[in-house]
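For reference, the structure is listed below as C-alpha cells.
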Amino acid sequence: MSESRYIHGTAPEEQARLSQLNQLLNDAALRELRLRGGERIVDFGSGLSQLTRAMARQAGVRAVGLERSAEQIAEAMRQARAAGEEHLLELRESDVLGAQVEAGAYDLAHARFVLEHVHDPLAVVKAMVRAVRPGGRIVLQDDDHDVLRLWPEPPGLRPLWRAYMRTYDRLGNDPIVGRRLAALLHDAGARPTRCTWLFFGACAGEPAFPAFVENLHFLLAATRDTIVGAGLLGAAEVDEALAQIRRFGKRPDAAFWYAVAYAEGVR
C-alpha cells in the first residue's frame, strides 16, 4: 500500500489556499485535457473536487472522485451544493491505492498533485492504468519544485525553497516527480503520448500576481515549524525570507515563474 503523505493538512486555511490554487490553474488544465464530451472520468486524489467538477461539467457526465480525507470530501460537497453542481460528483472516501475502482470502466483516469505525496507513485499510476479501458487516457499533472524562479529573487528564497523541498524527501515523497511523469506512464504499462508545461505565474502588472505570491508565502509559512524543527534552516532565516517574499510582492518589476508538469498516455 502506497499511502498518501500529504504534508499540507486539511485545515480551513489550507482548503482556502487550494480553492485559490484551483482558480489559478483549472482553465489551463481543461484546455490541455481536451475533453470531447461523454468521457467516463475517475479522478485520483480529487481533493476539493473543483477540477473534478469542471471536467464533469465539460464532458457532460457525473465524475468519480477518490479522496482519502473526509474533511476534504465534506468541503468538496459543500462547494458543489453551493454551485448547484452536486449532481456532477460521486465522491468515494479512499486512499488512491485502496480504492474499489472498476477495472477498465473509465475513458480517463486523472491525477493532479498526488504523485509527489506518495512513497510509490508507480503503484498509483498502475492503478490508474487498470481503471481505464483499452485506448483510454491516463493524465498526470504534478510538481517539479526545482523550476520555481522569482525575479528579482528575494534574498533568502533559494535556501528556504531548498529546505521546503527537503520536507518532501524526508517523508519519502518526491518534490521533483514532475520530470518523471512520462517515464511513470511507460513503466506502468501505458504508452506516453504527450507532455507539456502548464504555466503558473504572472508579473507585477497582472491582476493575478498577488495571488501567486500569496500562495507561495502561505506554503512556506505553513511549513515553517517543520523546517525549523527538522533543523533544515534556522527560524530567523525562515522569517526573514518570508518577509522578503512579502516585499517582492510589492515590487513593480517582479515576475513569478513556475510551471506544472503535464503528461498523458494511453492504455
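Taken together, the values in this text are just the output of simple stated rules run on the coordinates, not laboratory data. Values in this document were obtained by computation on a predicted structure and should not be read as measured data. Cβ coordinates were reconstructed from backbone atoms using ideal geometry, including for glycine residues, and neighbour counts include every protein chain displayed.
Structural remarks
- Charge dipole (debye, nearest 20) of the chain; +1 at Cβ of Lys and Arg, -1 at Cβ of Asp and Glu: 680
- Inter-centroid distance (Cα atoms) of the range 57-136 relative to the range 176-215, Å: 19
- Within a Gaussian network of the chain (alpha carbon springs, distance under 10 Å), most fluctuating of 132, 124, 228: 228
- Normalised by the number of residues in the chain, the average gap of Cα pairs under 8 Å and 6 or more apart makes the relative contact order 22 percent.
- Extents of the range 122-213, largest first, come to 49, 33, 17 Å (Cα atoms, principal axes, whole angstrom).
- Farthest toward the positive end of the dipole of the range 12-266, out of 242, 73, 205, is the Cα of 205, where the dipole comes from beta carbon charges about the Cα centre.
- Remark on residue 200: its backbone amide H falls under 5 Å from those of 258, 259, 260, a criterion applied only to residues 5 or more positions apart or on other chains, H modelled at 1.01 Å from N.
- Residue among 28, 49, 118 farthest towards the positive dipole end of the chain, charges placed on Cβ: 28
- In order along the range 241-249, the phi-based Karplus estimate (6.51 cos²θ - 1.76 cosθ + 1.60, θ = phi - 60°) of 3J(HN,Hα) comes to 5, 5, 5, 5, 5, 4, 5, 4, x Hz; Gly and Pro are listed as x.
- Amide H contacts of residue 193: 264, 265, 266, each under 5 Å away and 5 or more positions distant or on a separate chain (H built 1.01 Å from N in the peptide plane; Pro and chain starts excluded).
- Helix 70-82 axis versus longest C-alpha principal axis of the chain: approximately 80°, rounded to the nearest ten.
- Volume per residue of the convex hull around the Cα atoms, evaluated for the chain, comes out as 117 Å³.
- For the range 32-127, alpha-carbon Rg over 2.2 N^0.38 Å: 1.01
- In degrees, nearest ten, helix 209-222 long axis to first principal axis of the chain (Cα): 80
- Principal-axis tilt of helix 12-33 within the chain, Cα atoms, nearest 10 degrees: 60
- Computed about its Cα centre, the charge dipole of the range 110-157 is approximately 480 debye, with only Lys, Arg, Asp and Glu carrying charge at their Cβ.
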